[in-house]
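The values are calculated or read from the model by the stated rules, or taken from the named source; none is laboratory data. Values in this document were obtained by computation on a predicted structure and should not be read as measured data. Using ideal geometry, Cβ is built from the backbone for each residue, glycine included, and neighbour counts are taken over all protein chains shown.
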Amino acid sequence: MALSRGALYGILIVVVILVIAAAYFLTLPPAPTPTTPVTTPTATTPTVTTPTVTTPTATTPAVKEVKIGVILPLSGKLAETGADLKRGIEFAVEKINAAGGIKNLGGAKLVVVWGDSAGDPATGAAEAERLIKEEKVVALMGAYQSAVTKTASEVAESYNVPFLNPDSSSPTLTERGYKWFFRTTAHDGTFAAQHVEFINYLNKTYGGLKTVAIINEDTEWGASTAKAWKELFSAAGYKIVAEVSYHAATVTSLDSEVEKLKAANPDVLLIAAYTNDGILLVRTMKAKNFAPKVALAQDAGFIDPAYVKQIGKDGYYFFSREVFNWDLLEKIPELKKVNDEYSAKYGVSLNGNSARDYTGTWVLYWAIEEAAKVASPTDLEAFRKAIRDALAKMEVSPDKIIMPWAGIKFDEKGQNVLARGIIVQMSPDDGKYHTVYPIEVATKPIIFPFPSWEKR
Amino acid sequence: MVVELGSIIGALVSGLVIGSIYALVALGLAIIWGVMNVINFAQADFMALGAFIGFLLLDSLGIDPLISLILIFGIVFSIGVLTQRVAIEPILKAPVLSQITTTFAILLIIRYGLEVFMGPYTRVVEVPYRDLFIRFGSVSVSVPQLISLAVSLIVAFLLYLFMSRTFLGAALKATAQDMLAAQLHGINIKYMYRLAFGLGVGISAIGGVLLSLFYPIYPEMGAFFGMIAFISVVLGGFGSIFGAYLGGIIIGLIETISALFISPSLKTLAAFVVFILILIFRPKGMFGR
């Protein structure tokens, strides 16, 4: 059926009128909602749409809430991790609001608008754009996976919106010369440097560590970790006597790999492995009776609960780098307090992920308090700039935070230079990892050297 | 580079051990191909299935996988026969692509079925003799690995006896050689196909159980073993069942020897290079007809 030309023009005109009308109604500021006193903690739901815009007549604008945007993998493969991170943030926001909200804005509530990256860098960037342009958030936070953080923060940078990253570990994120990007957690480069520091410490205390061997899985993470180790340990005066890599996805046996390491007879073995291959490596080390004085892993597989569960007593005495450990509760008073409330509410304890995002939320809140002294959210651009400046100048002492860090202070690249990881060792007493380094947060003494397999 | 004699012996033993696992998976693949002309992509996932059944029997009933080996073979054999009856029989005359796609679907069902029911976690099969080692000087071999090598050889030998000494074995061979002639001699081809498929995946499952004695198991473990099984079969020569077994052993040995003399990072590469070289000089594989 063919329409006449006249009918087509008619339809076209109607469509154009509809579009214009829709656009008009959409851009119209929504009618002010009646102020109902918020008593429930559900104030953090993203459905709250009360605009932060106020009448121009008031000299001191009454800001009722300040919106921050958070991008996390809330669906997809990492949904479980995303939910965990979300709890950490929700809990922090709830505590902040319960303590009176943003005091320098007359007690305005902190509100989170959630963005779901689904674990995908392109979606993450689109969500960043939506949160900035449509939700008009004052700052962004997220996004867990380094690849998503990268694209989402690119968007934030281009709109001059502060981006606080509490949980990504790729070193390159803070090497981009960004002005609006801040990372509170330590990154993979820091961790490698910390490994050197730890081995230096062992050397000073016990002596006899001169040679280092490296075994790593050969994808980007393992290879870049191995590269950093090689550079840093060589620079620190250690001799690299063997470097072995394998492909974790296709590994059927590590016999030859371990033979080669054993032949090199290193004092220190550095390991970058995932779960299956980590288990296979430890078992093969046992079978081949290979026991270097120190066996130090770069978290991943070695801290996977599946690894810990399956490896049993063969995993004793191995060291691993961690960002967080359960026993820190005994060492960090603030953490104990927060975790008690947290576990009462959610039934799970804080972990490295939720604790880091909890901390990140507070950092952003502190910056907003500072910013509120010099700007108002009614002028979004100035307020975002003030938050950025507050972050750049921020200095937080270690007793204010629940992470085992020396505090918070950002360098000009936006990296928190006081962040650090910890070193844990699996104890033969209970088969759990205990924090052994840095000494200030250690809960158990270091067991050195790694005993030979027959003597266990 | 000076290589000690001990290292060479160690590498040979490691190569034989892992090669004997590749060999079992390849053996099963070769039987199915030889008799039915079907390429079973799910071969190594039946291996994973065997490993997981062994794990479950040990975990819930405390039966040592070596004791339940025959039971596991029986279970996977039956699953194989059922698979043949339900999924493969109807498409035997379909284009090759349909057959390949069907076995690929079976692969996905097993692999992700295991992932759904067992979770994506890695597991270790805890047998009491796990930590026993035999050490001669600097050479150290674990008892589970030696057992695995021995059982693999025994399985290959029993299969040889079955094929050469029994009527069913002869009937299988006859079907493999000339289906029409076998049919004319009163052999029920349908049953032979079911037998071949059951046998093929059952032997693969034995490989999985043996592997689980010293290798952590997880639902996706079949992926790489499957690939190795394919090149073992091609190396041995399509159609030659025991050539496939030998092919598996040879791949295992190339891996460990090249790891020792060149670099462990290049062991898989070395195996594939040798594979291509052999095929250049013997396009039908070492024992191909």
Would you tally the residues in region A:323-347 being free of Cβ contacts under 8 Å to residues at least 24 places away in the same chain and in a loop (DSSP other than H, G, I, E, B)? 1
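Suppose the filter is at positive phi, away from chain A (no Cβ under 13 Å) and not acidic (Asp, Glu); does B:Gly34 pass it?
no
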For A:Glu334, indicate whether it is under 20 Å from the mean Cα position of the chain (by Cα) and of a type outside the set (Phe, Trp, Tyr). yes
Out of everything in region A:271-295 that is in a loop (DSSP other than H, G, I, E, B) and at the interface with chain B (Cβ under 8 Å from one of its Cβ atoms), what residue ends up being surrounded by the fewest Cβ atoms within 10 Å (Cβ to Cβ)? A:Asn289
Considering only region A:200-245, state which residues are within 14 Å of chain B (Cβ to nearest Cβ), outside any helix (DSSP H, G or I) and of a type outside the set (A, V, I, L, M, F, W, C). A:Asn216, A:Glu217, A:Asp218, A:Thr219, A:Glu243, A:Ser245
Out of (1) surrounded by 21 or more Cβ atoms within 10 Å (Cβ to Cβ); (2) of a type outside the set (Lys, Arg); (3) within 21 Å of A:Thr185 (Cβ to Cβ); (4) without any contact (Cβ under 8 Å) to a residue 60 or more places away in the chain, the odd one out for A:Gln298 is which? (4)
Selection status of B:Ile262, in contact (Cβ under 8 Å) with a residue 12 or more places away in the chain, within 11 Å of chain A (Cβ to nearest Cβ) and over 14 Å from the mean Cα position of the chain (by Cα): no
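Quick check on this structure: which one of B:Phe225, B:Phe197 is under 19 Å from A:Leu280 (Cα atoms) and surrounded by 24 or more Cβ atoms within 10 Å (Cβ to Cβ)? Give the steps one after another, and end with the answer.
Numbers: B:Phe197 fails: under 19 Å from A:Leu280 (Cα atoms).
Criteria check complete, one pass: B:Phe225.
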Of all residues making up region B:2-60, the number that are within 16 Å of B:Leu213 (Cα to Cα), surrounded by fewer than 24 Cβ atoms within 10 Å (Cβ to Cβ) and among the aromatic types (Phe, Trp, Tyr): 1
What number goes with the only condition from (1) of a type outside the set (Gly, Ala, Ser); (2) in a helix (DSSP H, G or I); (3) surrounded by 13 or more Cβ atoms within 10 Å (Cβ to Cβ) that B:Asp64 does not pass? (2)
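So that you can scan it fast, the table gives a plain yes or no per residue for (1) modelled with pLDDT under 90; (2) under 20 Å from the mean Cα position of the chain (by Cα); (3) charged (D, E, K, R):
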site	(1), (2), (3)
B:Ile134	yes, no, no
B:Ser138	yes, no, no
B:Leu158	no, yes, no
B:Phe167	no, no, no
B:Ala170	no, no, no
B:Lys173	yes, yes, yes
B:Ala182	yes, no, no
By residue number, the members of region A:366-389 that are crowded, with 22+ Cβ neighbours inside 10 Å and in a helix (DSSP H, G or I) are A:Ala367, A:Ile368, A:Ala371, A:Ala372, A:Phe383, A:Arg384, A:Ala386, A:Ile387, A:Arg388
Tell me, which helices (runs of 4 or more DSSP H) wholly within region B:158-237 include 1 or more residues that are out of contact with any Pro (no Cβ under 6 Å at 6 or more places or on another chain) and within 30 Å of B:Gly113 (Cβ to Cβ)? B:167-177, B:189-212, B:222-236
Sort out which residues of region A:144-178 are closer than 17 Å to A:Lys67 by Cβ and surrounded by 22 or more Cβ atoms within 10 Å (Cβ to Cβ), and write them in order of number. A:Ala152, A:Val155, A:Ala156, A:Val161, A:Pro162, A:Phe163, A:Leu164
Looking at B:Leu58, B:Leu82, can you tell me which residue is part of a helix (DSSP H, G or I), out of contact with any helix residue (DSSP H, G or I) (no Cβ under 8 Å at 6 or more places or on another chain), within 14 Å of chain A (Cβ to nearest Cβ) and modelled with pLDDT of 90 or more? B:Leu58
Out of region A:248-262, which residues are farther than 18 Å from A:Thr219 by Cβ, within 7 Å of chain B (Cβ to nearest Cβ) and part of a helix (DSSP H, G or I)? A:Asp255, A:Ser256, A:Glu259, A:Lys260
